[in-house]
Structure formats: structure tokens, C-alpha cells
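Chemist: Supplied in C-alpha cells, the structure appears directly below.
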Amino acid sequence: MLRISVQVEDFDAAQETAALTEGRHDVGAVASFIGLVRGEGERLEALELEHYPGMAEEQLTAIAKEAQDQWPLDAVCVIHRFGKIEVGGQIVLVIATSRHREAAFDAARHIMDYLKTDAPFWKKEHPKDGQDGTWVEGI
């Protein structure tokens, strides 16, 4: 099973995990990662994320399929939000399920490493002081 979504709406990690594991008695491990907007020492109010529609989903699907080819996974879920997200808000969810924890951990880390360095998303920091935000490298 593969679930990929690039969306404005927030997500519910527990609900997404339940959707991947419900009725599955062969799943022995669920590894997940939730990325949040940091305040950067109380300097930021929000983070704005942009992406290329279509291209982002295609690349997220490719990296998730790569993980499924490399590790014995039962399911993968990748949800990445875009738009303006306030400090403390959820940005990304990665879930990998497998019979064994090592595969689930390794696959989730592999996907997150890709999202952090190579995924087609751009971020703009919005400071609390009301100044114009700045586009930053890496996500």
C-alpha cells in the first residue's frame, strides 16, 4: 500500500497509522516521523512552503516506491503540507510499516532524508517582527 499526498490541510498521524495497519496482522513495526515548524528561538511566526504541483507528488511517489523496493515494507505513507503554517504546526508525515522494525526505521529515515534535501519544496520564513519573509535553502 502506498499513500502520497501534498496538501494544505493538516493531518492526523494516528488516523493515518490506523488506515495502514487496520486488519493487518502481519505488521510488526510502524516507524513514523512528524516534522513541525520550529520557532527558531522565538524569531519566526510561520513558515510558508511552495511546491510544483504534479512534480512533487511524482517525486514523492518515486522515493516511496524506491523504499518499497529496498526494504520489505507493507505500506508507506508520505504527507507533505504546503502553504503558510504557523510555528508548532505539522509539515510532514512519513510512516513505514513492515514485519520488522529495522526495515521500517531505515525506510522512514531514507524517505525523510530525501524530503529534507532533494524534494521539490521551497520554504519562506515569516519572522515575528513583521519584516518581509526570506526564502531559505533546504527544507
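No value in this document is a laboratory result; all are computed from the given coordinates. Quick caveat, the model's predicted, so the values are computed rather than measured. Backbone-built Cβ (ideal geometry, glycine too); neighbour counts: all protein chains shown.
Chemist: Put a dot 7 Å past each Cα toward the Cβ at ALA18 and GLU42; how far apart are the dots in nm?
Modeler: Taking the two extended label points, one gets 3.8 nm.
Chemist: Relative to the Cα centre, what is the charge dipole magnitude of the chain, using +1 at the beta carbon of each Lys and Arg, -1 at the beta carbon of each Asp and Glu, and rounding to the nearest 20 debye?
Modeler: 260 debye
Chemist: Averaging the inverse of every distinct alpha carbon separation and then flipping it gives the Kirkwood radius. What is it for the chain, in angstrom units?
Modeler: It is 15.5 Å.
Chemist: At 222 nm, what helix-only mean residue ellipticity would the chain give, in deg cm²/dmol to the nearest 500, using -39500 (n - 2.57) for each DSSP H run of four or more?
Modeler: My calculation for the chain gives -9500 deg cm²/dmol from helical runs alone.
Chemist: VAL87's amide H: which non-local residues (gap 5+, or another chain) put their own amide H closer than 5 Å, with H modeled 1.01 Å from N in plane and none for Pro or chain starts?
Modeler: Sorted by chain and number, the residues that satisfy this are ALA46, LEU47.
Chemist: Just want the answer: with Cβ charges of +1 for Lys and Arg and -1 for Asp and Glu, which residue in THR17, GLY133, GLN90 is farthest toward the dipole's positive end in the chain?
Modeler: About the Cα centre, the residue reaching furthest to the positive side is THR17.
Chemist: What trypsin sites (Lys or Arg not before Pro) in segment 32-69 are in a loop by DSSP, with at most 15 other Cβ atoms within 10 Å of the Cβ?
Modeler: Passing both the DSSP loop test and the Cβ count: ARG38, ARG43.
Chemist: Return one number: the angle in degrees, 0 to 90 and rounded to the nearest 10, between the long axis of the Cα atoms of helix 101-117 and the longest principal axis of the Cα atoms of the chain.
Modeler: Around 30 degrees separate the two axes.
Chemist: Please give the FRET efficiency for THR134 paired with GLU9, using the beta carbon to beta carbon distance and R0 = 30 Å, rounded to the nearest 0.05.
Modeler: Efficiency computed from Cβ-Cβ geometry: 0.70.
Chemist: Additional query: Can you list the residues of segment 82-113 with backbone N under 18 Å from a point 7 Å past the Cα of GLU50, pointing along Cα to Cβ?
Modeler: Inside the label zone: 82-86.
Chemist: Let me ask something else about it. Can you give the angle from 0 to 90° between the axis of helix 55-70 and the longest principal axis of the chain, with both taken from C-alpha atoms, to the nearest 10?
Modeler: 40 degrees
Chemist: Listing LEU2, LEU115, LEU44 from the residue with the fewest other Cβ atoms within 10 Å to the one with the most, what is the order?
Modeler: Placing the least packed residue first, the sequence is LEU2, LEU44, LEU115.
Chemist: Would you mind ranking THR61, THR117 so that the residue whose beta carbon has the fewest other beta carbons within 10 Å leads the list?
Modeler: Ordered by Cβ neighbours within 10 Å, fewest first: THR117, THR61.
Chemist: Within the chain, what percent of beta bridges assigned by DSSP are antiparallel, to the nearest 5?
Modeler: Here the antiparallel bridges make up roughly 85 percent for the chain.
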